[in-house]
2 protein chains.
Amino acid sequence: MSIQTDALIVGAGPCGLFQIFELGLLGLKAHIVDSLEHPGGQCAELYPDKPIYDIPAVPVCTGQELVDKLMAQIKPFGATFHLGEEVQEVSAQDGVFRVRTSKDTLFDTKTVFIAGGVGSFTPRKLRFPEAEGLEDRQLHYRVRNPGQFAGQHIVILGGGDSALDWAVELAPEAESLTLVHRRDEFRGAEATADKLRALADSGQANIVLSANATGLELDGDRLTGVEITQLEDKTKRVLETDQLLVFFGLSPKLGPIAEWGLEMGRKTIDVDTSTFSTNIPGIFAIGDIADYPGKKKLILSGFHEAALAAFAAKAIIEPGKKVPLQYTTTSPIMQKRLGVEEETG
Amino acid sequence: MSIQTDALIVGAGPCGLFQIFELGLLGLKAHIVDSLEHPGGQCAELYPDKPIYDIPAVPVCTGQELVDKLMAQIKPFGATFHLGEEVQEVSAQDGVFRVRTSKDTLFDTKTVFIAGGVGSFTPRKLRFPEAEGLEDRQLHYRVRNPGQFAGQHIVILGGGDSALDWAVELAPEAESLTLVHRRDEFRGAEATADKLRALADSGQANIVLSANATGLELDGDRLTGVEITQLEDKTKRVLETDQLLVFFGLSPKLGPIAEWGLEMGRKTIDVDTSTFSTNIPGIFAIGDIADYPGKKKLILSGFHEAALAAFAAKAIIEPGKKVPLQYTTTSPIMQKRLGVEEETG
């Protein structure tokens with residue numbers, strides 16, 4: 001069974017969220033898909049606590065606050081969120097797009113809005129030639145089954161929240177656990193860092209700061225050790241290793257959108273500035289992924305793009321119907337959605 | 001003496017105000033001119049108390065609140081406001097625009113940003129052939145000297161705040177005062193309407209509702225009466241009148257901008273969507289006055305237009321200098337302006 005919808009939005013960053021609002025103002029309901037488990041895209045994932053100053057009429061807010069404000073703003077329009085899913089395939093038939101996600105959710109939609117930002121986020125990987133062959137056996141960028149690490153020699157690389165959280169969680173059951181971080185201070189939560197220091201004090205964990213992993217030692221195809229070099233004096237040593245966990249953060253990746261047959265730049269999609277339509281009628285692109293002459297990757301530009309794309313989509317979804325520009329001060333939809341009493345003019 | 005500036009903004013509505021911010025982010029200082037006595041344009045003048053729902057990340061705010069938020073946001077950039085002045089003349093020489101206002105303020109500026117909205121606001125006038133000749137003698141669209149109305153027969157047309165305010169203020173000193181309104185309810189503040197009703201109850205004022213002024217009576221070039229027609233039964237009568245005050249609201253007028261030699265529509269200026277430049281290099285147009293394929297008169301579009309215009313202006317003002325896109329989370333200018341401590345990444 002497929003989900004029938006007027007509009008499918010790919011990407012739940014700030015521009016994708018605001019696209020729900022602009023469609024809603026025109027009476028259109030939307031479904032929205034994002035590969036992350038929560039809405040907000042880069043804002044929530046990469047800089048939730050950093051202040052943003054250039055959202056018009058919002059003198060300052062953090063990335064997460066911006067997302068929260070947008071979520072409050074779109075609430076009246078009741079869009080359906082499909083999180084933790086990536087759009088995999090798009091095919092078109094008779095003016096309807098069939099879209100399939102990584103969880104096999106199927107949509108039949110008249111319009112698609114790509115608000116994919118700089119792409120979906122994938123873990124930043126370790127750059128040693130032997131690394132790829134070890135992946136998911138002895139080298140891990142995420143932890144799916146914590147139990148598999150019990151009783152083993154574990155090395156964790158990284159100093160952010162993921163590295164600290166897993167070090168604290170896995171150390172008590174490990175044969176040995178060493179956390180190696182290239183800086184002399186952790187980036188993650190101080191409380192977790194304190195827990196790890198306590199584990200180190202009681203001999204359950206080792207902390208190596210200001211050091212890099214500079215090589216892997218293998219016995220056949222089996223990882224046996226990680227070479228560590230101190231940044232200051234270049235001294236090297238090898239840590240005995242059964243399992244290597246790497247938490248170097250997330251890096252953006254465009255993913256399957258690159259294969260949809262759209263006119264694209266290296267990591268962007270070409271759009272028309274009057275409609276923010278791609279070269280495929282019915283597929284729009286907004287936000288950082290959209291490109292046109294003069295484009296700046298600003299959130300406020302994505303908001304404008306979402307507004308114009310919504311008007312163009314309305315004309316596709318309800319052809320021949322006139323779309324008057326209504327101001328929200330008097331919009332019947334806003335009045336109805338918000339239960340506002342009508343004012344006499 | 002003329003004022004030397006990088007940027008002159010014409011119009012202090014929300015888009016003109018945000019233009020200050022976008023220029024400021026690029027290190028450019030601006031002067032701003034508006035014909036109104038306060039910043040905010042239409043938002044502050046026409047709908048200060050009406051809720052606006054479509055400012056991204058601001059789920060609801062009134063027109064005045066929007067202006068207040070923008071004023072707070074641009075404060076760090078210290079633009080100079082020239083209010084109650086209209087730009088009259090623009091001439092260009094050697095890449096510098098000389099701009100003269102109605103108060104004879106002179107600017108020499110490298111760039112001009114027209115954020116004129118739907119134009120400056122002029123009172124909506126009474127459409128009788130005799131009206132123009134009576135203006136400022138016995139027919140008034142604004143009150144400059146309240147004392148001149150004492151001891152006279154006054155008729156006020158209108159039912160909004162201006163009509164009510166002046167009726168309440170002038171009635172006690174008038175020989176007679178009649179307020180005529182075409183609807184059966186006032187549009188202005190209820191408290192003021194109550195005051196006027198109290199004056200009517202004590203015989204100091206008359207209120208005529210659901211009636212229109214349908215003619216003027218003159219004795220030579222002197223106004224003697226206003227003909228009033230009840231909407232329901234079409235009965236007519238003439239009110240003895242020495243002074244007629246008309247408060248039908250404000251209507252936009254483009255003003256001298258129409259004569260600058262810009263490529264224009266009927267009340268709009270054509271711009272390029274990559275820079276929001278007009279056909280005259282160095283003159284930009286943003287907000288409701290700007291026109292391009294797909295244009296919608298939305299405040300959020302004006303914000304986007306201001307951002308791209310600022311980048312294009314920077315290239316004119318400081319040619320050859322690279323303008324990197326900086327995010328405000330890490331922008332040295334924002335850090336300095338706001339005294340924010342630098343975060344380690």
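Residue by residue along A:301-307, Cβ atoms of other protein chains within 10 Å of the local Cβ number 6 on average. Taking A:301, B:274 and ordering them by how much accessible surface each has at a 1.4 Å probe, largest first, produces B:274, A:301.
Using a Gaussian network model of chain A in which every pair of alpha carbons under 10 angstrom is joined by a spring, one finds that among A:322, A:295, A:253 the greatest mean-square fluctuation is at A:322.
Extending 7 Å from the Cα toward the beta-carbon at both residue B:127 and residue B:222 defines two label points whose distance is 3.1 nm.
Of the DSSP H helices in chain B, those with a Cα length along their own long axis of 24 Å or more and a mean Kyte-Doolittle hydropathy reaching 0.5 comprise B:299-317. Shortest first, residue A:210 label-point distances to identical copies amount to 8.9 nm, with the label point at 7 Å from Cα along Cα→Cβ.
Residue order by solvent-accessible surface for B:100, B:187, A:127 is A:127, B:187, B:100, largest first, with ligands and nucleic acids left out and a 1.4 Å probe. Once the gyration tensor of the Cα atoms in segment A:125-248 is diagonalised, the equivalent ellipsoid follows with semi-axes of 20, 17, 13 Å, ordered largest first.
For the peptide A:40-53, the mean number of other protein chain Cβ atoms found within 10 angstrom of a residue's Cβ is 3. Taking all protein chains together and rolling a 1.4 Å probe, residue A:263 ends up with roughly 100 Å² accessible. Note on residue B:279/residue A:230: beta-carbon distance plugged into 1/(1 + (r/R0)^6) with R0 of 60 Å gives a FRET efficiency of 0.40. Helical content alone sets the calculated 222 nm signal of the protein assembly as shown at -7000 deg cm²/dmol, taking -39,500 (n - 2.57) per DSSP H segment of four or more residues and averaging over every residue.
What does the C-alpha gyration tensor say about the overall shape of segment A:18-80? Classify as rounded when a/c is under 1.5, otherwise prolate if a/b is larger than b/c, or oblate. In terms of gyration-tensor shape, oblate.
Expressed to the nearest 5 percent, the antiparallel share of DSSP beta bridges inside the protein assembly as shown is 50 percent. Dimensions of the protein assembly as shown based on its C-alpha atoms, expressed as ranges along the principal axes with the largest first, amount to 114, 65, 49 Å.
Were the residues from residue B:161 through residue B:266 laid out at 0.36 nm apart, the gain over their Cα-Cα distance would be 34.7 nm.
On the beta carbon distance between residue A:91 and residue A:143, with R0 = 45 Å, the FRET formula returns roughly 0.80.
Dividing the convex hull volume of the alpha carbon atoms of chain B by its residue count gives 187 Å³ per residue.
Counting, for every residue in A:268-274, the Cβ atoms of other protein chains within 10 Å of its Cβ and taking the mean gives 2. The accessible area of residue B:321, taken with all protein chains in place and a 1.4 Å probe, comes to roughly 120 Å². Separation of segment B:134-160 and segment A:246-273, taken as the distance between their Cα centroids, equals 66 angstrom.
When chain A is turned onto chain B, its residue with the beta carbon nearest the axis, and that distance in whole angstrom, is A:304, 2.
The values are calculated or read from the model by the stated rules, or taken from the named source; none is laboratory data. Since the structure is predicted, the reported quantities are computational estimates derived from the model, not experimental observations. No Cβ is skipped: glycine too gets one built from the backbone with ideal geometry, and neighbour counts run over all protein chains shown. All accessible areas refer to the heavy atoms of the entire protein, side chains included, with ligands and DNA or RNA removed. Shrake-Rupley method; radii C 1.70, N 1.55, O 1.52, S 1.80 Å.
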